[in-house]
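Novice: Just passing along the structure, written as structure tokens.
What follows draws every value from the coordinates through simple rules; no lab data is involved. Note that the coordinates shown come from a computational prediction; the quantities given were computed from them, not determined experimentally. Ideal geometry is used to build each Cβ from the backbone, glycine not excepted, and the neighbour counts take in all protein chains shown.
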Amino acid sequence: MINKLREQINKYFVGKENVVDDALVCLLAGGHLLIEDVPGVGKTMLAKTIATSIDASFGRIQFTPDTLPGDVLGVSIYNMASKEFEFHEGVIMKQIVLADEINRTSPKTQAGMLEAMAEKQVTVDGNRMPLPELSMVIATQNPSEFIGTFPLPEAQTDRFLMRISIGYPNEASEILMAKKHISGELDEQIKPVCTAEDVIKMREQVKAVLVSDIVLRYIRNIVDSTRNDGHFVNGASPRAFLALVDASRAKAFLEGRDFVKPDDVKAVALNVLRHRLTLTPEARIKSEGLEKILKSLIIAAKVPMDVNEKA
């Protein structure tokens, strides 16, 4: 089923196998995905293809500076005929939600999504309503230097399991994309290869993936290195540690294993941690890139000797 899902998404999202795998890791781990990149590289296409491929309900909201929290969460409207308030659900009640250009809206609206992303419920007019069991936010944002963008609050970025960048395709992939566009293959209706219930069952299998004490200490070494490094304002939090554990388990499951290896941790560590860290003013002045520093810490983290053992 995983292979069919991979094949389906890669058919419409050409030349970005690593990006597709990262998105599937988020889906299997039950996390949310933040995609930052320039317009036109396929952020929206990726979200729609995932939702359609798993036959999930899909909602999209285009964020603008005047978007209100009620537009996302829902609002109660008074019905003159019944003389009662009726709740009109927002887009967040869908199973897969595309929050397009999330950093173009105000911090107040961004903060309105915190409860939904962290607790899988929304509170409107004092009433709490649960979200679907399969609930995932795929948010896109333009680079912060673009006009009309607001920085995401640290509390919200921390709710995203991973932050990825798609980037431009290579020559062969872009030409293949053009050929599929010319032939009309990209315009074909996407057919589901599994259901939302199948994904929920796979998530339960991910939770059964073994993480040995040795690998846990290895993950802890990576997280702790960010806390002791002088380049960051604050190190990775305990939530970041747990997020790295969850993402590593999903990566192992995606590769067909029931136990986590250090390679799984290394494969997801950068995308799990980079949006949770902030460079100090001194590090920014020295023009030391955050990703470069973080990559060096991941490489330098001590790997336990018998790390390839399952137990």
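Novice: Using DSSP to define loop residues, name the GluC sites (Glu not before Pro) in region 158-232 whose beta-carbon has at most 11 other beta-carbon atoms within 10 Å.
Specialist: Hits after loop and neighbour filter: Glu188.
Novice: Then there's this: Write out the trypsin sites (Lys or Arg not before Pro) in region 83-127 meeting two conditions: DSSP loop, and at most 12 other Cβ atoms within 10 Å of their Cβ.
Specialist: Sparse-neighbourhood loop trypsin sites (Lys or Arg not before Pro): Lys83.
Novice: Right, another one. Report ³J(HN,Hα) in whole Hz for each residue of region 29-37, in order, from the Karplus equation J = 6.51 cos²θ - 1.76 cosθ + 1.60 where θ = phi - 60°; Gly and Pro get x.
Specialist: 7, x, x, 10, 10, 10, 10, 10, 5
Novice: Can you tell me the Rg and the Dmax, both Å, for the Cα atoms in region 208-300?
Specialist: 13.6, 45
Novice: Students often forget the sequence filter, so: which lysines lie under 24 Å Cα-Cα from Lys16 once same-chain residues fewer than 8 apart are removed?
Specialist: Lys4, Lys43, Lys48, Lys179, Lys180, Lys191, Lys251, Lys261, Lys266, Lys292, Lys295
Novice: Using 1/(1 + (r/R0)^6) with R0 = 25 angstrom and r between the beta carbons of Glu89 and Asp198, what's the FRET efficiency to the nearest 0.05?
Specialist: FRET efficiency, Glu89 to Asp198: 0.50.
Novice: Now, a different point. Would you work out the relative contact order for region 1-105, in percent, from Cα pairs under 8 angstrom that are 6 or more residues apart?
Specialist: 26
Novice: One quarter of the convex hull surface, Cα atoms only: what value does that give for region 44-175 in nm²?
Specialist: Reported value for the Cα convex hull: 10.5 nm².
Novice: Search the structure for amide H atoms under 5 Å from the amide H of Ala236, placed 1.01 Å from N in the peptide plane, and list their residues when 5 or more places away or on another chain.
Specialist: Those lying under 5 Å, H to H, from Ala236 are Thr226, Arg227.
Novice: Follow-up. How big is the dipole moment of region 2-187 about its Cα centre under a simple scheme where the beta carbon of each Lys and Arg is +1, that of each Asp and Glu is -1, and everything else is neutral? Debye, nearest 20, please.
Specialist: Charge dipole, region 2-187, about its Cα centre: 260 debye, nearest 20.
Novice: Measuring from label point to label point, each 7 Å out along Cα→Cβ, what is the Lys180 to Asn228 span in nm?
Specialist: 4.6
Novice: Just subtract the alpha-carbon distance of Asp263 and Leu216 from 0.36 nm times their residue separation and send over the number in nm, one decimal.
Specialist: Fully extending the segment from Asp263 to Leu216 adds 15.6 nm.
Novice: Once amide H atoms are built 1.01 Å from N in the peptide plane, which residues 5 or more positions from Val124, or in another chain, come under 5 Å H to H?
Specialist: For Val124, the qualifying residues are Met129.
Novice: On to the next question. Count the DSSP beta bridges whose two residues both fall in the chain, then state the antiparallel fraction as a percent rounded to the nearest 5.
Specialist: Percent antiparallel among DSSP bridges in the chain is about 40.
Novice: Okay, moving on. At 0.36 nm per residue, minus the direct Cα-Cα distance, what do Gln62 and Met45 gain on full extension? Give it in nm, one decimal, please.
Specialist: 4.7 nm
Novice: Still on this structure, I have one more. Would you kindly state how much longer the chain becomes between Asn127 and Ser237 on full extension, computed as 0.36 nm times their sequence separation minus their alpha carbon distance, in nm to one decimal?
Specialist: Fully extending the segment from Asn127 to Ser237 adds 36.5 nm.
Novice: Counting each DSSP H run of 4 or more residues in the chain as -39500 (n - 2.57), what helix-only mean residue ellipticity at 222 nm follows after dividing by all residues, to the nearest 500 deg cm²/dmol?
Specialist: The helix contribution divided over the chain gives -13500 deg cm²/dmol.
Novice: Any idea what the relative contact order of the chain is, in percent, if you count C-alpha pairs under 8 Å spaced at least 6 apart?
Specialist: 21
Novice: What shape does the chain take by its C-alpha gyration tensor, where a ≥ b ≥ c are the square roots of the eigenvalues and a/c under 1.5 counts as rounded, a/b above b/c as prolate, and the rest as oblate?
Specialist: rounded
Novice: Taking H placed 1.01 Å from N in the peptide plane, check which residues at least 5 places from Met162 or on another chain put their amide H under 5 Å from its amide H.
Specialist: His32, Leu34
Novice: Still on this structure, please answer the following. Rounded, prolate or oblate: which one fits region 136-288, using the alpha carbon gyration tensor with axes a ≥ b ≥ c (rounded when a/c is under 1.5, else prolate when a/b beats b/c, else oblate)?
Specialist: Taking the square roots of the gyration eigenvalues as a ≥ b ≥ c, region 136-288 is oblate.
Novice: From the backbone phi of region 239-253, what are the Karplus-calculated ³J(HN,Hα) couplings (6.51 cos²θ - 1.76 cosθ + 1.60, θ = phi - 60°) in whole Hz, Gly and Pro given as x?
Specialist: Here the 3J(HN,Hα) series is 4, 5, 4, 5, 5, 5, 4, 4, 5, 5, 5, 5, 5, 4, 4 Hz.
Novice: I'd like the GluC sites (Glu not before Pro) in region 65-139 restricted to DSSP loop residues with at most 15 other Cβ atoms within 10 Å, sorted by number.
Specialist: Glu133
Novice: Need the C-alpha centroid separation for region 223-254 versus region 22-64, integer Å.
Specialist: Distance between centres, Cα-based: 23 Å.
Novice: Percent of Cα-Cα pairs more than 14 Å apart in region 216-265, please.
Specialist: 52
Novice: Shifting gears a bit: For labels at Lys295 and Leu270 in the simple 7 Å Cα→Cβ model, what's the distance in nm?
Specialist: Going from the Lys295 label point to the Leu270 one covers 0.5 nm.
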